[in-house]
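To keep things clear, I will list the structure first and then write my remarks on it.
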Amino acid sequence: MAVAVAAVPVLALPAVPAAAVTYGTPTITFSAGYLSGAVGATGDPTVTVTVAQSGASASALAVAASATTRSTVARTGDVTVTGTGGARTLAVAAQGVGYTDLTIRVTGLGGKSATRTLHYAASAAVRYSATSRYLTGSSDASAAVDAGGGYIVVGDDESNTLRLYDRNNSGAPVRTWDFSTALGVSKEIDIEAATRVGNTIYWTGSLGNNKDGVVKPDRQTVFATTITGSGATTQLSLAGQYHGLRDDLIDWDSANGDRYGFAAGAADGQVPKQIDGFNVEGLEFAPGSTSTAYVGFRAPLTPAVTGGRALLVPVTNFPSLLNGSAAHATFGDPIELDLGGLSVRDIRRNDLGQYLIVAGSWAAEDNSAPYALYRWDGRAGSQPVKLIDLPTGDYGAWEAVPDVPNLDTPGAAAQLITDDGSADLYQDGTNAKDLTHPEWKKSRSTWFTLN
């Protein structure tokens with residue numbers, strides 16, 4: 001017989017309210033607090049803006065930027081912020097020369113927002129702007145060599161720091177090295193020239209006095225670095241040093257009748273950048289040699305022809321000086337080159353034995369002084385041939401060529417780099433080398449078609 005079971009009533013539980021979400025104040029950080037650009041430039045440096053808000057996804061945050069001080073330099077519409085995650089990219093298209101502040105605002109959830117200021121500076125438009133890029137963090141690039149993989153190592157004549165740059169994009173160095181302590185120097189070496197053989201890069205100071213004519217021993221430094229890796233993974237380590245090349249050159253010239261006046265040009269009180277001064281700005285090896293290096297002089301010029309000839313002195317045991325196996329330099333016959341009254345500002349050779357010579361004035365910096373690029377076969381008795389005149393009137397002095405393409409290839413192009421240390425980049429009366437913020441210091445690299 002079935003037994004009836006009474007139904008048990010189900011009691012409804014009270015609803016539990018969802019926990020209220022508490023949103024924090026958004027945060028903003030910059031990859032750099034100072035940003036530089038140039039009017040009409042292609043591929044200017046950018047800043048990464050990192051945003052976050054506790055309790056919210058970064059993709060839910062809105063980021064906007066506005067120009068807040070000088071619209072003649074950049075307007076709000078000239079500032080763009082791209083990206084949707086926590087890291088956004090801020091770029092500026094400069095309208096004019098000078099400084100302005102940009103306000104970056106992030107609007108988050110819960111009615112929370114935050115702002116932060118980014119300081120911006122723009123330099124003047126230059127010719128060849130489509131092929132120009134800007135190496136920031138320093139304004140005094142004076143020597144450069146190829147590191148492979150689209151990167152170059154650049155030396156600076158105002159500091160002893162070597163910097164690794166992406167040669168095809170504007171921006172800050174991806175890696176730096178300073179070997180001052182290991183080299184036993186405390187002042188600037190005045191790095192003016194470099195060359196690479198295999199995995200060794202050789203660097204030399206100017207060997208001259210400072211701009212006031214004072215003898216500075218640290219400027220007599222020649223050193224070598226070993227390069228490992230390539231591209232963005234490039235590493236440098238110190239491989240040797242020598243501090244006697246200046247004295248060796250003076251002694252050699254004195255023993256040969258003071259033909260070039262090295263002793264007088266290098267004497268205490270003598271300014272290096274004069275036609276009879278003493279100042280080195282080029283270094284490259286002779287054709288087919290890994291032992292004989294040409295030391296190229298900005299000054300003196302020789303009086304052989306009207307306007308003077310540029311001077312190269314072959315050092316026949318150059319690597320031995322750096323590895324300690326030779327006590328003093330030995331020399332070959334000097335080479336005098338007709339560069340139209342200009343001197344050597346850099347010299348570079350490729351594996352085909354083709355040389356490029358950056359020719360410029362021996363005088364102190366003057367952006368109206370002529371510069372030219374010459375082709376040479378590296379042999380004594382053979383005179384260089386001018387390829388192009390380099391543009392003047394823009395800021396900066398043409399100082400470095402990292403490598404040499406095959407000069408017989410139609411459309412071959414070479415990259416040249418300026419020393420902008422004496423340039424008034426932002427038209428405020430301040431030389432670039434004296435700017436307070438490294439991000440506003442910069443040198444310009446430009447590609448030139450050679451044939």
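Restricting to strands (runs of 3 or more DSSP E) lying wholly in the range 378-451: which have 2 or more residues that are in contact (Cβ under 8 Å) with a residue 40 or more places away in the chain and closer than 21 Å to G150 by Cα? Reasoning before the result, please.
Details: elements: 385-390, 397-400, 413-419, 442-449.
The strands (runs of 3 or more DSSP E) meeting that bar are 397-400, 413-419, 442-449.
So how many residues does the range 404-424 have that are farther than 13 Å from L450 by Cα and open to solvent by 20 Å² or more (accessible area, probe 1.4 Å)? Show your work before the answer.
The initial filter retains those residues of the range 404-424 that are farther than 13 Å from L450 by Cα, namely 417-424.
Among the residues that remain, those that are also open to solvent by 20 Å² or more (accessible area, probe 1.4 Å) are: 422, 424.
Final tally of qualifying residues: 2.
Which of the residues spanning the range 187-202 are hydrophobic (A, V, I, L, M, F, W, C) and surrounded by fewer than 24 Cβ atoms within 10 Å (Cβ to Cβ)? Steps first, please.
Narrowing the range 187-202 to residues hydrophobic (A, V, I, L, M, F, W, C): 189, 191, 193-194, 197, 201.
Of everything in the range 187-202, those that are hydrophobic (A, V, I, L, M, F, W, C) and surrounded by fewer than 24 Cβ atoms within 10 Å (Cβ to Cβ) turn out to be V197, I201.
Can we say S325 is open to solvent by less than 40 Å² (accessible area, probe 1.4 Å) and of a type in the set (G, A, S)? Give the derivation first.
Numbers: open to solvent by less than 40 Å² (accessible area, probe 1.4 Å): no; of a type in the set (G, A, S): yes.
Here the answer is no, as S325 does not meet what is asked.
Summed over the range 194-222, the residues that are over 18 Å from V271 (Cβ atoms), in contact (Cβ under 8 Å) with a residue 60 or more places away in the chain and either among the aliphatic types (A, V, I, L, M) or in a helix (DSSP H, G or I) (or both) give a count of 3. When G184, G205 are checked against the criterion of being under 19 Å from L236 (Cα atoms) and either in contact with a Cys (Cβ under 7 Å, 6 or more places away or on another chain) or open to solvent by 10 Å² or more (accessible area, probe 1.4 Å) (or both), a single residue qualifies: G184.
Which strands (runs of 3 or more DSSP E) sit wholly inside the range 319-364 and have at least 1 residues that are under 27 Å from the mean Cα position of the chain (by Cα)? If you could, list the steps in order and put the result at the bottom.
Numbers: elements: 335-337, 343-349, 355-360.
So the answer is 343-349, 355-360.
Screening V126 against (1) hydrophobic (A, V, I, L, M, F, W, C); (2) modelled with pLDDT of 95 or more; (3) closer than 30 Å to R298 by Cα leaves a single unmet condition, (2). Restricting attention to the range 1-15, does a residue exist that is at pLDDT below 95, under 30 Å from G111 (Cα atoms), surrounded by fewer than 10 Cβ atoms within 10 Å (Cβ to Cβ) and aliphatic (A, V, I, L, M)? Within the range 1-15 (the criterion being at pLDDT below 95, under 30 Å from G111 (Cα atoms), surrounded by fewer than 10 Cβ atoms within 10 Å (Cβ to Cβ) and aliphatic (A, V, I, L, M)), the answer is yes, since at least one residue qualifies.
Here the strands (runs of 3 or more DSSP E) wholly within the range 78-181 that include at least 2 residues being among the charged types (D, E, K, R) and crowded, with 18+ Cβ neighbours inside 10 Å are 161-166.
The values are calculated or read from the model by the stated rules, or taken from the named source; none is laboratory data. As the structure is a computational prediction, the values presented were derived from the model and not from experiment. A quick note on method: Cβ atoms are made from the backbone with ideal geometry, for glycine too, and the neighbour counts reach across all protein chains shown. These area figures cover heavy atoms from the full protein model, side chains too; ligands, DNA and RNA do not enter into them. Shrake-Rupley method; radii C 1.70, N 1.55, O 1.52, S 1.80 Å.
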